[in-house]
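For reference, the structure is listed below as C-alpha cells.
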Amino acid sequence: MTSSYDLIIIGAGALGTFHAYHAAKSGKRVLLLEKDSYPVGATVRNFGQVVPSGLAGRWFEYGRRSMEIYREIQQETDLTVRSNGTIYIASDPDEWTLANELHDRYQQLGYTSELLTKAQCLINYPTLKPDYVVGGIFFPQEMSVEPELMIHRLLGFIQQKYNVDYRPGSVVIDAQSNASGATVTLSNRQQFQAERVLICGGHEVRLLFPDVLAQAGLVVSKLQMLLAEPVAGLRLPGNILTGLTIRRYEAFQECPSYASLTANTPEHLAELKKWGIHILFKQAIDGSIIVGDSHEYAAATQAEDLGYHTQDYINELMLNEAQRIVTFPLTIKKTWAGFYSQTKAEIFEYNVTDSIRIVTGIGGKGMSSGAGYAEESLRQWLS
C-alpha cells in the first residue's frame, strides 16, 4: 500500500525541517524522512549561532526573517533560543575600519548595531585580553541556540502542532516521477506517493542522483571544532566572534576597505588563513565552551578525501589563537569534525522533474538563514 501526501521531504536537518514546518503550517500534508535515527549532520555539528550580521545579499534578509521565525516558535515551545547578542572583536586597525564600515551600512538598512570602544569591550567582555582588543561591533538582537536540542524540539513541535509525519531511520533508495507527482521508495521497499518531493540531504544527494551531483559543482567543507570544560564562575554573553571572522565573513567582504585588508594579511595569521581558521566562542547552557573552527575543502564527488578524523595540528592552531584572545583556561574535553556542502552559486537548487526538486549547498548559512530561506523557497516552488 502506498501512502499519499502533498509533500515528501528527504532529510531532517535544519533545511529540510524548516521546509516541513512552513509547508505544514500552510496546510500541506507533509512526510519528513530521515535516513538516520536522528539528525547527525551539519545541523548538530555547529556553534548554534544565529548571526545574520555576517551574511550578505538576500541571505542577510533571510537571516532577519529567520530570527522572527525562531522567536515565533519560541513563544510556543522552547527551542533553546537566547537573544543574547553577537560581538565581533577587531584586533587591529584594518579590522576596526571594516567594523565601522559595516556599522554605517547597517545603519542605512535599519539593522541595529553598536560600535564599542576598547574600554567598553573589556567592560562587557572582561575575559578578553586587552592586548588583543581594538574595538567591537555589537548586534544586540542576534541569538544563539543549542543545535542538538533545537532540531529535536523543532521536530517534536511540527509533529505535535502540524501533524507532520516524521519517520527517522528511513533510507530512501529511489525517487521517481509519475502521473500523480512522484513516488519515493525506502530500503525496506515501502513506498510513499506525493504531489511533490523535496530533497534536502546535503551532498548525500549522490545516493539518489549521482549524475546531478557530478554536474552541480558542489564543494564539501570540513570543519574542526573544540569543546572546553566549564570554568567556575565564567559567563560568556552571547556569540563572541573575532578578528579572523571579520576577515572571513561575507558581510565584511562588501565593505569598501575589504580589498586592502586581504592584500595585507599579517604574518602571524598566514598559517591560520591557510587552514580557513577563524575563532569563535560560544558558551553552551551547561557552561562548556565551544571553540572553532577550521575549513578544508574537497569536491562533493570526492568528499571522502577529507577523511573522518580531526588533525591535532589544526586543533593546536585554533587553541593557540584562542588563548591569545581570552584569559580563561581552555581544557579541551572533546573535538569533532563537521561537514557541509556549499557552492559558488550560494545554494544549489535543481528541478530533477516538475515534481522532484533538490535543494542543498546552503553552506554555513543554515542555522542563521535556513528558516527564512525555506519559507521563500516553498512559496516560489509551490505557487
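What accessible area per residue comes out for the stretch 193-279, rounded to a whole number of Å², with a 1.4 Å probe? The partial results should precede the final answer.
On the way: 3650 Å² over 87 residues.
For the stretch 193-279, the solvent-accessible area averages 42 Å² per residue.
Counting only protein heavy atoms and a 1.4 Å probe, tell me what percentage of the stretch 246-381's accessible area is made up of carbon and sulfur. The nonpolar share, carbon plus sulfur, comes to 48 percent. Legend: residues Glu146, Glu254, sorted from most to least accessible area (1.4 Å probe; ligands, DNA and RNA excluded), read Glu254, Glu146.
Summary value for the stretch 328-383: 26 percent relative contact order, contacts being C-alpha pairs under 8 angstrom separated by 6+ residues.
Rolling a 1.4 Å sphere over the protein heavy atoms, what is the accessible area per residue of the stretch 92-152, to the nearest Å²?
Here the per-residue accessible area is 44 Å².
The aspartates and glutamates within cross-link reach of Lys35, meaning a Cα-to-Cα straight distance under 18 Å and a gap of 8 or more places when in the same chain, are Glu148, Asp165, Asp174, Glu204.
Please report the relative contact order for the chain, taking Cα pairs under 8 Å with a sequence separation of at least 6, and give it as a percent rounded to a whole number.
26 percent
Each label was represented as a point 7 Å from its Cα along the Cα-to-Cβ direction; for Gln380 and Asp286 these points are 4.0 nm apart.
Taking only alpha carbon atoms, the stretch 285-350 gives an Rg to Rh ratio of 1.06, where Rh is the Kirkwood radius.
Taking the C-alpha atoms only, the angle from helix 93-109 to the longest principal axis of the chain is near 50 degrees.
Subtracting the Cα-Cα distance of Gln253 and Gln302 from 0.36 nm times their residue separation leaves 14.8 nm of extension gain. What the Cα convex hull of the stretch 240-320 gives, in volume per residue, is 142 Å³.
The C-alpha atoms of the chain define a longest principal axis, and helix 366-382 lies at about 30 degrees to it. Residues Lys274, Lys333, ordered by accessible area of protein heavy atoms at a 1.4 angstrom probe radius and largest first, appear as Lys274, Lys333.
On C-alpha positions alone, give me the angle between the axis of helix 312-325 and the longest principal axis of the chain, in degrees, nearest 10. Its long axis makes an angle of about 50 degrees. Relative to the 2.2 N^0.38 Å rule of thumb, the chain has a C-alpha radius of gyration ratio of 1.00. Computed over the Cα atoms of the stretch 233-383, the ratio of the radius of gyration to the Kirkwood radius (Rg/Rh) comes to 1.01. Taking label points 7 Å from Cα along the Cα-to-Cβ direction, Tyr313 and Arg58 give a separation of 4.0 nm. Figure note: His268, His278, His203 ranked by solvent-accessible area, largest first, 1.4 Å probe, ligands and nucleic acids not counted: His268, His203, His278. Would you mind getting the Kirkwood hydrodynamic radius of the stretch 23-91 from its Cα pairs, rounded to one decimal in Å? Every distinct Cα pair counted, the radius reaches 14.9 Å.
Rolling a 1.4 Å probe over the protein heavy atoms leaves Asp104 with an accessible area of roughly 90 Å². Cα-Cα over 32 Å: which of Lys118/Lys282; Lys161/Lys344; Lys161/Lys222; Lys25/Lys222; Lys129/Lys365; Lys118/Lys222? With Cα atoms farther than 32 Å apart: Lys161/Lys344; Lys161/Lys222; Lys25/Lys222; Lys118/Lys222. Here the stretch 1-121 is treated as a Stokes sphere of Kirkwood radius computed over C-alpha pairs; at 10 °C and 1.306 mPa s its diffusion coefficient rounds to 91 µm²/s. Projecting each Cα onto the charge dipole of the chain (Lys/Arg +1, Asp/Glu -1 at the beta carbon, about the Cα centre), which of Leu280, Ser187, Val164 comes out farthest on the positive side? So the residue furthest toward the plus end is Val164. Seen from Pro237, the other residues with C-beta closer than 11 Å to its C-beta sum to a net charge of +3, counting Lys and Arg as +1 and Asp and Glu as -1. Summing Lys and Arg as +1 and Asp and Glu as -1 over all other residues whose Cβ lies under 11 Å from the Cβ of Val40 gives a net charge of -1.
The values are calculated or read from the model by the stated rules, or taken from the named source; none is laboratory data. Because the structure is a prediction, the values reported are computed rather than measured. Cβ coordinates were reconstructed from backbone atoms using ideal geometry, including for glycine residues, and neighbour counts include every protein chain displayed. Remember, those area values only see protein heavy atoms, side chains included, never the ligands or the DNA or RNA. Shrake-Rupley method; radii C 1.70, N 1.55, O 1.52, S 1.80 Å.
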